[in-house]
Amino acid sequence: MDSGLKLAAPRSRAEHLAAALEERIRNRALEPGALVGTLPSLREETGYARATVSEAVRLLRERGVLEIRPGRTGGLFVTEPSPVVRLRHTLLTVGEQPSAVMDAIELRDHLEGLIDIGAARCRTPDDVAELRELVRRMENSTDWDGFMRANWALHERIAAICPNAMARAVYIGTLGHLSSTASSRFDEDEAAAAAYRADRLRVHAELVEAIAKGDLAAVWHAVTKHNN
């Protein structure tokens, strides 16, 4: 493997690494069955902890990008791309176009209800506990970047609960583009910024509690407030 993964976008370190590995696979046009590396080689290359690398690999396995083969000749290998994976790669290409941010926002808003309703129908107690923890991360963020990282992580975790794989792929693709282009500054005065953050926190907390209760009407109400 060459050195210097391009870690220039998403949210957590694990997401950074997952995105970088996907980019490596695309840029090298790696075929299904091609070796991407091993857990130890990725830890050595990136300097990330075992837990971070393992989480990145877990994300890519869930997305159908990588598979783990055990044994002396094992490692991380490229999987046969499913329609969902091909769709995600198409979204990344679209993201290079000038109007992509507005397109991503419009598409995400249209999908928000479908994703959140799916999550409300399929959530488990463990899902709910993790969603509430992400809301707490938003609340405890000390700066705008931290707040937004927690926000993206919350939406991606909600999407992971939704059983519609195709909608989930499109939705997460829009989140990836929006999170990589989001401004790290808030150009209003301090009071306006605090009020805005408080409002967004309330909306997301309300959405999570509606999902937790499985209250579909409350979910739709929260989605409407969220998109406005």
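The values are calculated or read from the model by the stated rules, or taken from the named source; none is laboratory data. The shown structure was predicted, so the numbers you read here are calculated from the model rather than taken from an experiment. FYI the Cβ positions are ideal-geometry reconstructions off the backbone, even for glycines, and counts take in every protein chain you see.
General observations
- Elements of the type helices (runs of 4 or more DSSP H) sitting completely within the range 130-228 and holding at least 3 residues that are under 19 Å from residue 117 (Cβ atoms) and at pLDDT below 95: these cover 144-161, 165-181, 216-227.
- Annotation note: Cβ proximity below 9 Å between a residue of the range 189-208 that is on the phi > 0 side of the Ramachandran plot and a residue that is part of a helix (DSSP H, G or I) and surrounded by fewer than 17 Cβ atoms within 10 Å (Cβ to Cβ) (sequence gap 6+ or interchain) occurs for no pair.
- Consider the range 63-112 and keep the residues that are of a type in the set (Lys, Arg) and modelled with pLDDT under 80. The one that is nearest to residue 14 (Cα to Cα) is 63.
- Extreme residue, surrounded by the fewest Cβ atoms within 10 Å (Cβ to Cβ), among residues of the range 194-228 that are out of contact with any His (no Cβ under 8 Å at 6 or more places or on another chain) and of a type in the set (Val, Ile, Thr): 224
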